[in-house]
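Have a look at the structure below, then the notes.
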Amino acid sequence: MDDFTWRVGGPQGGGIETAATLFARAVGKGGWWVATKREYHSNIMGRHSYLDVRLGRKPVASFREKVDMLVALDGETLARHLDEVRPSGVLLYDPQVLELTVHKLPMLDHRVAEALSERFGKLDPSLKDLLAAYVESGVQPLPYPFEEVADRIGAELGVPSLQARRTLNTIAVAASLHFLGFPLEPLLEALALQFRGKVLELNQSVAQAVYREEVPKLSFQLHLNGYEPGRVYLTGAQAAALGKLAGGLRFQTYYPISPATDESTYLEAHTHFPGADVMVVQTEDEIAAVTMAVGAALAGAKAATATSGPGFSLMAEGMGFAGMIEAPLVVTLYQRGGPSTGLPTRTEQGDLMFAIRGGHGEYPRIVLASGDIQDAFMDAQKALAWAWRYQTVVVHLLDKFLASTGQILPQETLKPLALDGERRLAPKEGKPTPYARYAPTEDGISPFAPLGTPGVFYWMTSDEHDPLEHITEDPVLREAQMEKRMQKLLTARKEIPLADQYTLFRDGEVLVLGFGSVKGTLLEALDHLEGVGYLHLRLLWPFPEITHLLEGKRLVTVEHNYSGQLADLVQQETLKRVHHRVVKYNGRPITLEEAVEALKAVKRGEAPGRIVLRKGV
Amino acid sequence: MVELKLTDYKADKHPDWCPGCGDFGILSALQMALFELRLDPSRTVIFSGIGCSGKTPHYLNVYGVHTLHGRVLPIAQGAKLANPHLTVVAVGGDGDGLGIGAGHFVAAGRRNVDMLYILYDNEVYGLTKGQAGPTLGLGEKTKSLPKPNPQGKVNPLLLAFASGYTWIARGYAYDVKGLKELIKEGINHKGLAFLHVLQPCPTYNDLHTKEWFAPRLYRLEEEGYDPLIPPGLPPEALEARMARFQQKALEWGERIPVGVFWKAELPTFEARLKAYLPRYPEAYPAQGPEAPLDLEGLLQEFAL
């Protein structure tokens, strides 16, 4: 098999994430490239969560609609993922859940329970009914009593049941791989990456015990793919954190919020590495997070903050302050489903317009969006460099999907960039004198003097100001300062290399436009489409000059929001009509099949102007 | 550094406060304190919030950052943490610090960053024409209010205490010399110092005027009040000191105390950060990276 997706579902806090990481590392050790998608509730323990590990013979960055193998660690998984396994795919489940009925699954959404009742024509269908439906759709059921196996192996190894059952995840992964005919060795190596000492010994013994048991051979098998060293497996949030370090970050603030927090906690945990001694401050709210970062930037530290949804709303005023006093600031925005608290742990691209426009008044801000994990690493560096080059706010857009998706990449793709271009005032000697920090310049950029620069002092104010930054309401001085600040946008658009502004991956009579995390899916979709091109936007503001690329094309946008914000932006900036808006706002990432189907319909000329994608569990 | 005169600390900018405003007294006291401490203007930063008090930095010849309404404390803390060699003074009004910025006021106490915060308390929002501030008492009606204040007041000293400020004092805007001494002590204090300044607003506050305050104010030290809390004080002794602090902090009406109420030693946030950043504060964020990034080392945990 060249393309394989393994899904594991179970209660949150039950270790399914550990299981997916183990599976990904085991097949990774066996030479496969993988991407891992994580779907979870805003909950600590008990609610349904699942992960997909998709394998490919080259780096993978998108996900399929149907999985090849579903491992159900509880009954709820059976209920939620009916119709999600491809015909002749495999369902690995614990037969003891068959005793349950749909109404005995307390965390199952009523909507799902009612749909099942209707489908089976019963008030309370049993999980046996559900299993029959899997079988009817061509799925091969594989009963596997996880807990019983744990107890049996525990007894064999002389380990108490409670301790043996802690290895259920290893058992689930080992059983899956064993059924698939995958060798044991990579799994043992993967366990060594995950555990240490006695825990490792136990888990390795358990895996070996699972492999000793006879299992039926499946109709499809997973072979080794030729191991190559020099590969890494990491998530988007980790890549963004590493990119910030590579970009010289020295100060990071945050207030806990999903899904942005992963980045800051990664940084907090790694300050002992040379060059990574970033001061990370957990603040009382996002207002303090953004303003404290501005304070640190004013003192000369490369500073950033990271947030999501509601936190970004709170930052609007602080960002405007940074824009007004020309402080270099990076805000990393992990978008999630909005509005309000919305879907805290689900993906969306609903903050595009807010990132560009949010806040009162106008100031120059740069907005860039990362399309995949490598981009996240590169873009975090660019964001810091641009903030310091243009002495203003840079919003780095990511989303929940990208933040929590894991991917195997060649390590060499994560290379530090050599970026510079800061303009600073040289320290002076003698009695300190006022410095006209805000004297207008041709390109809008004036030498920055961090607080504490010897020999000078000056004032800054959030009010409109004169070149010394004393308050003024004079109309002429106002015009001069507004023009100085806004000039920086024109300068940035001129200086930022086109390769950092957009990439035309392929041209076509139908031209798809996208930004951010739709990149991986759309690039793979191109393999299944003819006459369809893809223009991926990296820089969203200042908006790149792309009008010439759109001439005479049938334009389609694909994005994760309700209204088609990118479509609006493209129309506003290019005066070209976007003919089709493909949108998705149920919090689940666009699948490969959805994208291909929608774009085929566009190509055939059969699609409406607005296409809503609704897949996902 | 070149020897500076008192006048060198005064900016060539005319203050636009109302005649008789308490801000003038605070500004003079600040100017004198900076001069007497011989502070280097290029290493000293005055941060301010928004409101009449927010204009203070513009009138002093040191680095000045006139920030946002209510956000002066996080901004000042960010700068101080990024460059611990800066002398940082944050100033703001009662609405700025205890109304819109109250959350930051509390959180700053929990951290104990080494700086001074001066709260100008005139009980009204002057710049927006005299609405009730968070320190105006329940039922009080200044001439600028159409009806008596339906909201109660917060006690700044008690809130500072509850939040963990390690130096808590009160001064009076028209007692410039006394205020100057308090500012100097607050700047020299290791940790977060809070200076509450009673400040008449001659335009909008006709209740608590210069004439009202003058006969009521007295100095704590006149009564032999000792603010110093020595480390290792036994619990009963500490409780007694806390009770005395509370009694003095609540004293209002016939007699109103000024002076230092509380002075304790607790590790600063800078010192606490050593657990995360062993080379801090010798090496600090504003300096840039100390060593090239060990990206190889960091990527180890992700290697397959």
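Descriptive notes on the structure:
- Convex hull volume of the C-alpha atoms in segment A:340-486, normalised per residue: 155 Å³.
- Rounded to the nearest 20 debye, the dipole size of segment B:104-150 about its Cα centre is 200 debye, using +1 on the Cβ of Lys and Arg and -1 on the Cβ of Asp and Glu.
- Taking 20 Å as the limit for the C-alpha separation, the pairs A:Lys37/A:Lys400; A:Lys431/B:Lys177; B:Lys10/B:Lys80; A:Lys428/A:Lys484 exceed it in the case of A:Lys431/B:Lys177; B:Lys10/B:Lys80; A:Lys428/A:Lys484.
- Cα-based radius of gyration for segment A:234-413, normalised by 2.2 N^0.38 Å, reads 0.91.
- Span from the segment A:7-28 Cα centroid across to the segment A:515-572 one, whole angstrom: 33 Å
- Shielding by partners for peptide A:406-415, expressed as the average number of C-beta atoms from other protein chains within 10 Å of each residue's C-beta, is 2.
- For GluC sites (Glu not before Pro), the sites in segment A:494-586 that DSSP calls loop and that have at most 12 other Cβ atoms within 10 Å are A:Glu509, A:Glu530, A:Glu551.
- Kirkwood-type radius of segment B:96-226, with distances r between different C-alpha atoms, in Å: 15.6 Å
- Share of pairwise Cα-Cα distances greater than 26 Å in segment B:177-304 is 49 percent (whole percent).
- Distance from segment A:134-194 to segment B:184-251 (C-alpha centre basis), Å: 67 Å
- Between 0 and 90°, nearest 10: helix A:565-574 axis offset from chain A longest Cα axis: 40 degrees
- Dipole size of segment A:234-413 about its Cα centre, with +1 on Lys/Arg Cβ and -1 on Asp/Glu Cβ: approximately 220 debye, rounded to the nearest 20.
- Coarse-grained scattering of segment B:6-302 at q = 0.15 Å⁻¹, given as base-10 log I(q)/I(0) from a Debye sum over alpha-carbon atoms: -1.17
- Per-q log10 I(q)/I(0), the protein assembly as shown, q = 0.07, 0.09 Å⁻¹ (Debye; single scatterer per alpha-carbon; no solvent): -0.66, -0.98
- Whichever lysines have a C-alpha closer than 18 Å to that of A:Lys553, once near sequence neighbours (fewer than 8 apart) are set aside: A:Lys576, A:Lys600, A:Lys603
- Using bins of 5 Å that start at zero, the share of Cα-Cα pairs per bin across segment A:538-617 amounts to 3, 15, 24, 23, 19, 12, 3, 1, in whole %.
- D by Stokes-Einstein for segment A:3-212, Kirkwood Rh over Cα pairs, 25 °C, 0.890 mPa s: 140 µm²/s.
- Whole-angstrom gap from segment A:270-348 to segment A:595-617, using each part's C-alpha centre: 36 Å
- 3J(HN,Hα) from dihedral phi, segment A:180-185, Karplus parametrisation 6.51/-1.76/1.60, rounded to Hz, x for glycine, proline: 7, x, 7, x, 6, 3
- The protein assembly as shown: calculated mean residue ellipticity at 222 nm from DSSP helix runs of at least 4, using -39500 (n - 2.57): -10500 deg cm²/dmol
- Beta bridge orientation in the protein assembly as shown: antiparallel %, DSSP, nearest 5: 30 percent
- Whole-Hz couplings from phi, Karplus 6.51/-1.76/1.60, listed for segment A:36-49; x for Gly and Pro: 10, 9, 10, 10, 8, 8, 7, 6, 8, 9, x, 7, 5, 9
- Farthest toward positive dipole pole in the protein assembly as shown [+1 Lys/Arg, -1 Asp/Glu at C-beta], among A:Ser313, A:Pro274, B:Gly191: A:Ser313
- Inverse of mean 1/r across different Cα pairs in segment A:461-517, Kirkwood, Å: 14.8 Å
- DSSP-defined antiparallel bridges as percent of all bridges, segment A:499-612, nearest 5: 20 percent
- Distant-in-sequence amide H partners of A:His465 (H built 1.01 Å from N, under 5 Å): A:Thr472
- Per-residue shielding of A:302-310, expressed as the average number of other chain Cβ atoms within 10 Å of the residue Cβ, stands at 1.
- Between helix A:592-604 and chain A there is an angle of about 70 degrees, using the helix long axis and the longest principal axis of the Cα atoms.
- Long-range HN-HN contacts of A:Leu425 with modeled amide H, under 5 Å: A:Phe448, A:Ala449
- With a 10 Å cut-off around each Cβ of A:250-259, the average count of Cβ atoms from other chains is 2.
- Residues of type aspartates and glutamates that B:Lys5 reaches as a straight line, Cα spacing below 13 Å, ignoring anything fewer than 8 places off in the same chain: B:Glu36, B:Asp40
- For segment B:244-255, backbone phi angles converted through the Karplus equation (6.51, -1.76, 1.60; θ = phi - 60°) give residue-by-residue couplings of 5, 4, 4, 4, 6, 5, 8, 5, 7, x, 5, 10 Hz, Gly and Pro being listed as x.
- Value of relative contact order over segment B:78-229, rounded to a whole percent, pairs C-alpha under 8 Å and six or more apart: 25 percent
- By DSSP, the beta bridges lying fully in segment B:6-302 are antiparallel in about 20 percent of cases.
- Net charge contributed by nearby residues that have their C-beta within less than 11 Å of A:Glu464 (K/R +1, D/E -1): -4
- Ranked by how many other beta carbons lie within 10 Å on average, peptides B:272-284, A:332-344 from highest: A:332-344, B:272-284
- Placing +1 on the Cβ of every Lys and Arg and -1 on the Cβ of every Asp and Glu, with no other charges, gives chain A a dipole of roughly 580 debye about its Cα centre.
- Database remark: amide H of A:Asp399 closer than 5 angstrom to the amide H of A:Gln335 (H placed geometrically; neighbours at sequence offset of 5 or more, or on other chains; Pro and chain starts carry no H).
- Net +/- balance of residues flanking A:Gly31 in space, Cβ distance below 14 Å, scoring K and R +1, D and E -1: +1
- Selection from B:Ala275, B:Trp252, B:Leu220 lying farthest towards where the dipole of segment B:203-282 points positive, charges on Cβ: B:Ala275
- Protection-proxy order for peptides B:82-90, B:51-59, A:496-504, A:265-273, each taking the mean of Cβ atoms within 10 Å per residue, highest first: B:51-59, B:82-90, A:265-273, A:496-504
- Entry note, chain A: relative contact order of 12 percent, from Cα contacts under 8 Å with a spacing of 6+ residues.
- Listed residues A:Tyr438, A:Leu451, A:Pro467: farthest to the positive end of the dipole of segment A:433-495 (Cβ charges): A:Leu451
- An ellipsoid equivalent to segment A:17-137, defined through the eigenvalues of its Cα gyration tensor, has semi-axes of 28, 16, 12 Å when rounded to whole angstrom and sorted largest first.
- Highest-first arrangement of A:57-67, B:24-34, where packing means the average Cβ count within 10 Å: B:24-34, A:57-67
Just so you know, all these numbers are worked out from the coordinates, no wet-lab data involved. Only a predicted model underlies this, so the values are computations on that prediction, with no experimental measurement involved. We place every Cβ from the backbone using ideal geometry, glycine too, and count neighbours over all the protein chains shown.
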